[in-house]
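Colleague: Input: one structure, supplied below.
The values are calculated or read from the model by the stated rules, or taken from the named source; none is laboratory data. Note that the coordinates shown come from a computational prediction; the quantities given were computed from them, not determined experimentally. Cβ atoms come from the backbone with ideal geometry, glycine included; neighbour counts cover every protein chain shown.
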Amino acid sequence: MSADSDLTAAALGLRMATVEVEQHASQAGWDQPSRLFALVPTAELAMAEPELAAELGISDGYGDPYTPVEQELEDQGQSLEQLLGAIMWPPEVAGALAVVERVVLPPEAEDQVPDDADLAVTYAAQHDGREDVRIAVGVLRTGEAHCVVRLRSHDSDDALMHGPDVVPALVEALRETLETQTETDFDLYIDRDKDIR
């Protein structure tokens, strides 16, 4: 029995969407800005936006459970984690997915990281043991989470690392964007040029 067969339909759909978005991001190569996606139920998108669904080749009876819709990130002067603190998704959005690139240091190097943010960046960039990683994290309102990590040194689809809580801080930050808002009117932003299908 495979690990995928133990997943609920929602968790499997999230896993598929997270892998799809990470692979889409990897086509652009490394050293890319952070990206953010709304996860919309495909069936609901097909009913609400039939022309868009036709362009994407999806229908309410066929396709992946979730369609990732890329969002414009205007303020790249802030980290994605900072931007997430100001985002609340409308109820039509079933989940959220983010892709970020980070530098990871070996545990023994972490005690030597300078406290100053600029010095810490320089230290990490010059450290011999650093590893560049691309992280894709998806979460659903129903609680499921999935993380995919690609190492630059093992840049292959068959070397992806998976798990529900590989990057717990980013999982939590995305979950907070899905908390129920009160008496606020939000519009779901769908840009025909930004969907990845």
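Colleague: Which residue out of Ala94, Ala11, Ala86 is surrounded by 21 or more Cβ atoms within 10 Å (Cβ to Cβ), at pLDDT 85 or above and closer than 24 Å to Ala173 by Cα?
Modeller: Ala94
Colleague: If you don't mind, there's one more thing I want to ask. Please work out if Gly61 is of a type in the set (Gly, Ala, Ser), modelled with pLDDT under 85, at negative phi and loosely packed, with under 14 Cβ neighbours inside 10 Å.
Modeller: Yes, satisfied.
Quick grid of which residues meet (1) surrounded by 15 or more Cβ atoms within 10 Å (Cβ to Cβ); (2) within 28 Å of Glu176 (Cβ to Cβ):
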{"position": "Asp118", "(1), (2)": "no, yes"}
{"position": "Thr122", "(1), (2)": "no, no"}
{"position": "His127", "(1), (2)": "yes, no"}
{"position": "Ala136", "(1), (2)": "yes, yes"}
{"position": "Leu140", "(1), (2)": "yes, yes"}
{"position": "Ala145", "(1), (2)": "yes, yes"}
{"position": "Val149", "(1), (2)": "yes, yes"}
{"position": "His154", "(1), (2)": "no, no"}
{"position": "Ala159", "(1), (2)": "no, no"}
